[in-house]
Amino acid sequence: MDLSWTPEERSFRETVRAFAQEKLPGDIRDKVLRHQRLERDDYIRWHRILDDQGWGAPTWPKEFGGTGWNPIQRLIFEVECFKAGAPRLLPFGLSMIGPVLMKYGSPEQQQRLLPRIIRVDDWWCQGYSEPGSGSDLASLKTRAELDGDHYVVNGQKTWTTLAQYADWMFCLVRTDPDAKAQRGISMLLIDMRTPGVSVRPIRTLDGGHDVNEVWLENVRVPVANRVGEAGQGWTYAKYLLGHERTGIAGLGHCHRELGILKDLAARTQRRGRTILDDSRMRDRISRIEVDIMALEMLLLRVAAARGDAPGPEASVLKIRGSEIQQDLAMLQMEIAGPDAWPYDPDWMHADAAFHGPGPDMTAAAGAGYADMRKTTIYGGTTEVQKGIIARMMLGL
């Protein structure tokens, strides 16, 4: 699949492709392409390799240490890195709190925090969801009471991705319990090493530990760590979610998984023929490839029209990207067939032994399918996204 690139864009693509092939560490590439778990150091190493090249913040403007790339260059970079087997860039700093700080943060916050995001000197996590406040985020209960020049925070956050690695959390808290739900929310930046912060793992069915509960018990947070004005956190949260949902579209991930799907279909045999010889399977793979092409064009249109301020169109991207990722995982599991069911959690570790021809994706196919079910839930469920589209795009 290819678009009609200009000569300059083709040259840029070849530059990125050559860089990824040369500089991406082989052990990281192998883990990614085998669907095995990455460790904290794997992410940080790749971020710092990119930063040494001047590519540490590919979506940021130059004045904040970014590349200043246009939407086409960002797309090319994402797709080529993913296809090479690079891990995703950590979104919590680069794609979520980073843009919020650039737009709403104080000069001191920008100078202190933004450079540290690029090299992952600070690892960020997202304190949004609570046990009773997921899709209905405005009902959150975590409270922050003003005490001199500090807030005292009490509450619980859940499904906090990779909080076990995090140095900082951007957190939505209720600072005015008497105000209308959305108006009483503020955004605080919380140092995870502060007394009263505790992280408890949530183990998932595949044996993994990607998500957590975070408990906040009398945590003192300086007022200087509030983003923007008190009571305006909902505005900042919506701005952040637009960036998050655009990223969840996962275009680079879709391109990579399509390649893995084709390779798996070409290698897997049934009754002396490869799966790819089945015309029905070729048709299903072709349909997904067309869907990815349409997602790519939509992403480019949104980026060109909106620039760095995603609007409700991000909800369309989020829905379609989530569905395509699930379709890819479904087909990979179908091709793996019965081999996908006897899942061994040890496979997800880098020292797991292969079995079968080539990079055996069948060992992780079942876990990948189960894991991808979450894409239509996190970042706002598909139902929530459809509500946004109905209200803000269709005027219903």
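The values are calculated or read from the model by the stated rules, or taken from the named source; none is laboratory data. All of these numbers come straight from a predicted model, not from anything done at the bench. With ideal geometry, Cβ positions are generated from the backbone for all residues, glycine too; neighbour counts draw on all protein chains shown.
The rows are residues; the columns are (1) modelled with pLDDT of 95 or more; (2) over 26 Å from residue 381 (Cβ atoms).
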{"position": "81", "(1), (2)": "yes, yes"}
{"position": "93", "(1), (2)": "yes, no"}
{"position": "129", "(1), (2)": "no, no"}
{"position": "136", "(1), (2)": "no, no"}
{"position": "166", "(1), (2)": "yes, no"}
{"position": "175", "(1), (2)": "yes, yes"}
Name the residue that is surrounded by the most Cβ atoms within 10 Å (Cβ to Cβ), counting only residues in region 12-57 that are acidic (Asp, Glu) and free of Cβ contacts under 8 Å to residues at least 60 places away in the same chain. 42
Hits in region 364-396 (condition: over 23 Å from residue 334 (Cα atoms) and among the small types (Gly, Ala, Ser)): 379, 380, 387, 390, 395
What residue, of 207, 233, 196, 242, is in contact with a helix residue (DSSP H, G or I) (Cβ under 9 Å, 6 or more places away or on another chain) and farther than 19 Å from residue 134 by Cβ? 207
Residues of region 290-322 being modelled with pLDDT of 85 or more, under 25 Å from residue 33 (Cα atoms) and crowded, with 16+ Cβ neighbours inside 10 Å, in sequence order, are 291, 292, 295, 296, 317, 318, 319, 320, 321, 322
Any residue at all in region 181-199 that's more than 21 Å from residue 92 (Cα to Cα), under 22 Å from the mean Cα position of the chain (by Cα) and aliphatic (A, V, I, L, M)? no
Expected single match for of a type in the set (D, E, K, R), more than 30 Å from residue 73 (Cα to Cα) and at pLDDT 95 or above among 283, 278 is 283
How about region 190-227: which of its residues are at pLDDT 95 or above and part of a loop (DSSP other than H, G, I, E, B)? 192, 193, 194, 195, 196, 227
Tell me which helices (runs of 4 or more DSSP H) are completely within region 1-77 and hold 1 or more residues being under 25 Å from residue 124 (Cα atoms) and among the polar types (S, T, N, Q), or say none if there are none. 40-53
